[in-house]
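Below: the structure, in structure tokens.
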Amino acid sequence: MTDPMILAARFAAPVARVRQALTDPAELRVWLAEHAEVDLPERYEFWGRYTPEGDAPHQRLLHADDNRLRLGWLLDGVETTTEITLRPDGPDATVLTLSQTHFDFADVVNGTSIRGVLQTYWALAIANLEAHLAGKPLLPKTDFTATDFRGEMVIAAPADKVWQSLTDSEQASAWFGYPIGIEPWVGGRYAMGGFDSGYAAKVVDLEPGRRMSVDWGPPGVTSWELAESEGRTKLTFVQSGFDEQNPPYAAWSGTVSGLAELRRFHEVPDWQPIWLPEEMATTAG
């Protein structure tokens, strides 16, 4: 088994408020899952179409206190362990750290286990928890029963500013939290990890200021389209052209979770990402 996957994020809400959102089943049904039932310290379950293998609840509560939840979660026949811890970061902010066992990046690439979705599934869930706490509209949750990958969001910024942040390498790397090299023309490279990473997707369609499509190979084509109204921009995003027998749930969830930070990049004064990579490294180490 590999080391646990670690995610850490900072919320502008006190620990008690974050814990409520994590343990109130009505709130969980808003930001996390189609169905949720909680009866601490005995039960913590979530299931439905927005949950991997969500045909029924597969979680077993192992521990719960004011600052920690630990769950056994049966996925693809293996009981994984999910642990969420909270700590105050001043009186009005909270650092959430999530660790998840039995995640292997090879499962993302080859699609042999549903456990390959776990990293981006939790990234999107945490991004939606932040939006819920901030009173912002949620991003679309991944429907693990569907093969229609499309969503939209409204950003309180003009379209030219949003377009620049989607197509400028430096800005895209900042809000996505990972180096991205972008050549914004048809035939140009779109390189996660930067132009020296060894692999690049290809820009296959582009109308400056309005739309762009990037071909990733087997995961399909990702397309963005912008429409401005009264100084606000509706961003429509779609993933298509993949093998519907092996939908790229992990890639789609990662794309959508990144767009949460794009919206914050434009809307939050003195923007800082919610993600805490140093905390992840320290915890993992």
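The values are calculated or read from the model by the stated rules, or taken from the named source; none is laboratory data. This one's a predicted model, so the numbers in the text were calculated from it and none came from an experiment. So basically every Cβ, Gly included, is an ideal-geometry build from the backbone, and we count neighbours across all protein chains shown.
Scan the range 39-48 and give yes if some residue there is closer than 30 Å to THR112 by Cβ, modelled with pLDDT of 95 or more, in the same structural domain as ILE126 (by TED's automatic domain parsing) and not in a strand (DSSP E or B), otherwise no.
Step one: list which residues in the range 39-48 are closer than 30 Å to THR112 by Cβ, which gives 44-48.
Filter again for modelled with pLDDT of 95 or more, leaving 44-48.
Checking which are in the same structural domain as ILE126 (by TED's automatic domain parsing) leaves us with 44-48.
Filter again for not in a strand (DSSP E or B), leaving 48.
Yes: the range 39-48 contains one or more residues that are closer than 30 Å to THR112 by Cβ, modelled with pLDDT of 95 or more, in the same structural domain as ILE126 (by TED's automatic domain parsing) and not in a strand (DSSP E or B).
When LEU28 is tested against (1) assigned to a loop (DSSP other than H, G, I, E, B); (2) closer than 25 Å to ARG264 by Cα; (3) without any contact (Cβ under 8 Å) to a residue 40 or more places away in the chain; (4) aliphatic (A, V, I, L, M), only condition (1) is not met. Of all residues in the range 40-76, those being touching a residue at least 40 places away in the same chain (Cβ under 8 Å) and of a type in the set (S, T, N, Q) number 2. When the strands (runs of 3 or more DSSP E) confined to the range 51-160 are screened for residues that are surrounded by fewer than 17 Cβ atoms within 10 Å (Cβ to Cβ), those reaching at least 1 such residues are found at 59-65, 68-75, 78-88, 149-155. Checked against the criterion of being in contact with a Phe, Trp or Tyr (Cβ under 6 Å, 6 or more places away or on another chain) and under 27 Å from GLU53 (Cα atoms), the candidates TRP175, TRP252 yield just one match: TRP252. Can you find, within the range 210-246, the residue that is farthest from THR145 (Cα to Cα) among those that are surrounded by 15 or more Cβ atoms within 10 Å (Cβ to Cβ) and small (Gly, Ala, Ser)? Here the residue is SER213.
On the given criteria, is ARG263 charged (D, E, K, R) and closer than 21 Å to TYR50 by Cβ? So that I can check it myself, show each step before the final result.
Numbers: charged (D, E, K, R): yes; closer than 21 Å to TYR50 by Cβ: yes.
Yes.
Do we find that TRP185 is surrounded by fewer than 18 Cβ atoms within 10 Å (Cβ to Cβ), touching a Leu at 6+ places or on another chain (Cβ under 7 Å), at pLDDT 95 or above and not charged (D, E, K, R) in this structure? When the stated conditions are applied, TRP185 passes them. Is the range 230-240 home to any residue that is more than 19 Å from the chain's Cα centre (by Cα) and among the polar types (S, T, N, Q)? Yes: the range 230-240 contains one or more residues that are more than 19 Å from the chain's Cα centre (by Cα) and among the polar types (S, T, N, Q).
As for the range 182-195, it holds no residue that is free of Cβ contacts under 8 Å to residues at least 60 places away in the same chain, over 24 Å from PHE242 (Cα atoms), out of contact with any strand residue (DSSP E or B) (no Cβ under 7 Å at 6 or more places or on another chain) and not hydrophobic (A, V, I, L, M, F, W, C).
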